[in-house]
Amino acid sequence: MLMAAVLRRTAVGILTMLLVSILIFIGTSVLPGDVANIILGQMATPESLAELRSKLGLDRPAYIRYFMWLGDMATGDLGISKAGSGAATIGTPISELIAPRLTNTLRMTAIVAIIAIPLSLSLGLLAAMYPGSRLDRAITFTTLGLISVPEFLVATFLVLVLAVHMDLLPATAYISGRETGLKLLKALALPTLTLVIVASSQIMRMTRATVLNVLSSPYIEMAILKGVPRKRIILRHALFNAVGPIVNVIALNLAYLVSGVVIVETVFSYPGLAKLMVDAVQTRDLPLVQACAMIFCATYILLIFIADMASILSNPRLRHPK
Amino acid sequence: MAALLEIDNLLIDARTDDGTMVPIVKGVSFNLDRGEVVALIGESGSGKTTIALSALGYAKPGLEFSGGEVRFDGVDVLTMASEERRELRGQRVAYLAQSAAASFNPALTIGEQVTESAILQGRMDRDTAYQRAEILYRALELPDPDRLGRRYPHQVSGGQLQRLMAAMALCGKPDLLVLDEPTTALDVTTQIEVLRAFKSVIRQEGAAALYVTHDLAVVAQIADRIVVLYGGEVQEYGSASDVINRPNHDYTRRLMSAVRPPPEAGQYAETTGEHRREVPALEVRNLTAGYGTGNARTAVKVLRDVNISVERGHSVGVIGESGCGKSTLARVISGLLPAQEGEVRLHGDTLHPDLKRRDRSDLQKIQFVFQMADTALNPRHRIDNLLGRPFEFYLGLTRSQKPEKIAELLKMVELPPDFAGRYPEELSGGQKQRINLARALAASPEILLCDEVISALDSIVGANIIELLKRLRKRTGVSFVFISHDLSTVASFADDIVVLYAGRVVEQGSTNKVLAPPYHPYTRLLISSVPELRIGWLEETMETSEAKAGIDRVVEITEVGCPFFNRCPLAIPGTCDKHVPPIREITDDHKIECHRSDEEFRHWASA
Ligand SMILES: Nc1ncnc2c1ncn2[C@@H]1O[C@H](COP(=O)(O)OP(=O)(O)OP(=O)(O)O)[C@@H](O)[C@H]1O
Ligand code: SF4
Ligand SMILES: [Mg+2]
């Protein structure tokens, strides 16, 4: 049963990925004007366009282009930037364009995860252990306020207060890649802070709700009535049942973070993958857009898959069938 | 010597939404001696559980002790240090909850949970505790005692889990057991076995017990003394035989009259047979149904070859133990679960098996009233909203026509019109069930499928709902399919009874015929398992041959032969387990499916 559930999930994950790739492919194909148009720009004559198209393989039927593209993707060949993010980058392999940007994005999300997860888990747990306490009310109130504000507002607000008014941090997070130490930290501070705030308020709320739900279940009351010490109730009876849902919550929130990253990188002009993608859309560099979109979607689907696995694996009925 | 437990003028308050405190236990006092079983009896909301939990110094969230003392062995548990109280729990006073299924942690093994308290409190080391647990499993007649501890709660049946909770409570050798409705959720045949196991274990262990229940017949089997509660106050307090045989208080008498009398032939005045020759309102023919994907051959079969017919304005009761397929039958009739074979007919016309493919007038004619009123009503919708929807959907009423119709409907289920403005959570269990009924009636149906509609209610409230159903049937001419695991409930309402066992109809006929000999062996087991309001009934019943053979064995769905074979005192090895039994027409409105003949039944009944 367990194995079947895991296999089914995996299959669904792969299928979703394929569907998404089709959508991305179609989505980018309907954008007006193809690469040939862009490269040739003003100088385009019908003949030169046709010639370039056949050179790039753009004149073949869509489904063939799709499979070619998918095959290249699967073998790690992300293709060649056809327009590039500027005249200088035309013809650069996409993987070279993406690598530094991906590193930047991963660095930022890693910092966010390292701060947000322990922080929100412990605060959420504390709030659940002392429901109705001043701490709990403070946490509930703040997080409720924060999750109802969209990311870009949080970001704008932080810029206003910390950069414009107090002049503590730079308002943009542009880095060239050579910054180190304090300078790098300062540049990263605002985007990271924005994401930490957005992600932790969700994780906190959901951790609190999950643990409270477990703590109010009859088997916890039974443990209290059996004279089981509080520490053991939390660590053995409650946490055992809450771990699955909590991992699920974390993975889901990291998945939501993917869209947060897009917004935050744009707002702060942080040279990450999302910024690259947004720029690529502006220059109609379709292969680059496709590659970036695939990476984002794959991450999203992978995290959702992890979330699903967590809830399947934590279900004792599936782990110990009759 | 002082009593083991002395409850002295106990006061408990509840915090309401606006922060004020209202008293819910108002000065209750009684004692419990060593080795004695005292029953706390009263309807839901009378404060039984709250008082019982005070013996462990525990108040549910939202409740507060506001006065009085609860002395255990001379020490007040309400003012104890919390560490002392923790040691008291599980070690000297143990608790058995109403729902074992909810009280066992799904992620931990049974063995760990049974022994946990005894080991933590330092009463025993791990090995001794596991050995003791095994002894208790044997004493409670649980299957596979040497390996049971390694299983998880979902790997045993409900009745077994309930007994495992007794093992959990007894493992640390407590002086006092607090039992909260420990058999209410069980089938009669399981209840009787669990009751007997509790009683003998309590005696063996020399423990005292506080037994909470709303069922006077159960109390009569197990209690030495009885405390009758109403509205948080003690109404009557005395020895079991005094309270049962000579009730003093008015409320006690009401409780006794709400105990459904043991089902007996002739108690129900049969509706006249004038409709009998018409086309039945509802007919189920050769129905086979089950769950699982795949085609009819690979899917799990729950119902096999079921035939039922319901005359207009009549009610047919469907009875059987948990898991026998009662709810499945209702779901097939309503189209929620399409049948694998066979058909459902409404006034002679075959209905499409799938709900989604039936037309609106067919949908309107068959309405479903669900088991759990609590979960069936969306808590976010106001009552007028809930009741208004079917009017709109089936009858196409406009907004302005609705209020009048809703008021009419509320009147029909005997609720005041201002209930239209309430939300479900502002209603009691009985009132919710009335709203649930009203919603089904809004569609002006011809058939009402009622699945365990009063099982979650206490006896007095439940009896009122039955009376309401009877009046509704008379007024509207609706036909009922009335499903319940409680034979007495069915007997008080149904014209005909269908006895279902492992998905087969083993007996059916008019209520008077089914409840009189000759019986199918399974019907006889069901009838004899209903507790009677008589001290000593339990012991007598356990001596009978059908009890010995059939009580608390599990239902086995068999492909060949008679499904009741493994529990039947009349079973004929070689025949019953090999061949599907024939249907015997005892009279034209009474059929029994069994290899034994009418004469053999009669002989057995008189033996
Ligand atoms: N959705 C489902 N999928 C698979 N099996 C099911 C499903 N629902 C019920 N069953 C099985 O079908 C059988 C009959 O179930 P059903 O709910 O009809 O019993 P019931 O007689 O109503 O029992 P109860 O008195 O406990 O309500 C049981 O063995 C049950 O485990
Ligand atoms: S067919 Fe046999 S086993 Fe089944 S009920 Fe009749 S006598 Fe018992
Ligand atoms: Mg049911």
### Message
For the range B:37-163, report the % of Cα-Cα distances exceeding 19 Å.
### Response
59
### Task
Can you pull a Stokes-Einstein diffusion coefficient for the range B:382-526 at 37 °C (0.692 mPa s), Rh from Kirkwood over Cα pairs, as a whole number of µm²/s?
196
### Globularity ratio of the range B:451-529, using Cα Rg and 2.2 N^0.38 Å
1.13
## Note on the structure
For chain A, one quarter of the surface area of the C-alpha convex hull, expressed in nm², comes to 21.6
### Query
Could you list log10 I(q)/I(0) for the range B:213-259 at q = 0.25, 0.28, 0.33 Å⁻¹, which the Debye formula gives when each Cα is one point scatterer?
-0.92, -1.18, -1.56
### Query
Mind checking the dipole of the protein assembly as shown: about its Cα centre, +1 per Lys or Arg Cβ, -1 per Asp or Glu Cβ, Debye to the nearest 20?
2100
### Query
How large is the convex hull of the Cα atoms of the range B:132-217 per residue, expressed in Å³ as a whole number?
93
### Summary
Rg/Rh of chain B (Cα atoms, Kirkwood Rh), to two decimals, equals 0.98
### Summary
Length gained if B:N248 through B:R471 is fully extended, taking 0.36 nm per residue and subtracting the Cα-Cα distance, is 77.1 nm
### Task
Would you mind getting me the FRET efficiency between A:R230 and A:L2? Use the beta-carbon distance for r and R0 = 35 Å, nearest 0.05.
0.60
### Message
If you split all Cα-Cα distances of the range B:35-93 into 10 Å bins from zero, what percentages do you get per bin, shortest first?
### Response
20, 52, 27, 2
### Task
Mind checking B:97-109 for the average number of partner chain beta-carbons within 10 Å of each residue's beta-carbon?
6
### Summary
Of all DSSP beta bridges having both residues in the protein assembly as shown, the percent classed as antiparallel (nearest 5) is 60
### Task
Any chance you could check the Cα centroid distance between the range B:144-163 and the range A:218-239 for me, in angstrom?
20
### Query
Which whole-percent values make up P(r) of the range B:298-351 when all C-alpha to C-alpha distances are grouped in 10 Å steps starting at zero?
19, 57, 22, 2
### Query
Which FRET efficiency value, to the nearest 0.05, is calculated for B:I586 and B:V560 with the Förster distance at 25 angstrom and r the Cβ-Cβ distance?
0.50
### Task
Provide, as a two-decimal number, the C-alpha radius of gyration of the range A:104-192 over 2.2 N^0.38 Å, N being how many residues it has.
1.31
### Query
How would you order B:419-426, A:294-301, A:12-19, B:106-113 from highest to lowest mean count of nearby Cβ atoms within 10 Å?
B:106-113, A:294-301, B:419-426, A:12-19
### Query
What's the extension gain from B:E83 to B:E599 if we count 0.36 nm per residue and subtract their Cα-Cα distance?
179.0 nm
### Full-extension gain in nm, A:L168 to A:S95, via 0.36 nm per residue minus C-alpha separation
22.7 nm
### Summary
Taking a straight Cα-to-Cα line shorter than 22 Å from A:K226, and setting aside same-chain lysines fewer than 8 residues away, one finds B:K48, B:K60, B:K173, B:K199
### Query
What is the Cα radius of gyration of the protein assembly as shown over 2.2 N^0.38 Å, N being its residue count?
1.17
### Task
From the C-alpha gyration tensor of the range A:204-254, pull out the three semi-axes of the equivalent ellipsoid (sqrt of 5λ each), sorted largest to smallest, in whole Å.
23, 10, 7
### Task
Shielding by partners for A:232-239, please: the mean number of other protein chain Cβ atoms within 10 Å of each residue's Cβ.
2
### Task
Can you send over the carbon and sulfur percentage of the accessible area for the range B:97-171, probe radius 1.4 Å, protein chains only?
47
### Message
At 7 Å along Cα-to-Cβ for each site, give me the label-to-label distance between B:R389 and B:M21 in nm.
### Response
4.1
### Local net charge near B:G35, Cβ-Cβ under 11 Å (Lys/Arg +1, Asp/Glu -1)
-3
### Query
With point charges of +1 on the Cβ of Lys and Arg and -1 on the Cβ of Asp and Glu, referenced to the Cα centre of chain A, which listed residue (A:G124, A:M108, A:P93) lies farthest in the positive direction of the dipole?
A:G124
### Task
Using a Förster distance of 60 angstrom, determine the FRET efficiency expected from the C-beta separation of A:Y256 and A:T45, and round it to 0.05.
0.80
### Task
For the range B:76-132, take the alpha-carbon Rg, divide it by the Kirkwood Rh, and send me Rg/Rh.
1.02
### Task
Once you have all Cα-Cα distances for the range B:332-454, histogram them in 10 Å bins from zero and send the whole-percent values.
13, 41, 32, 13, 1
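The values are calculated or read from the model by the stated rules, or taken from the named source; none is laboratory data. Given the structure is predicted, the values throughout are model-derived calculations rather than measurements. Here Cβ is always computed from backbone atoms with ideal geometry, including for glycine, and neighbour counts include all displayed protein chains. In case anyone asks, the SASA skips ligands and DNA or RNA and just uses the protein heavy atoms, side chains included. Shrake-Rupley method; radii C 1.70, N 1.55, O 1.52, S 1.80 Å.
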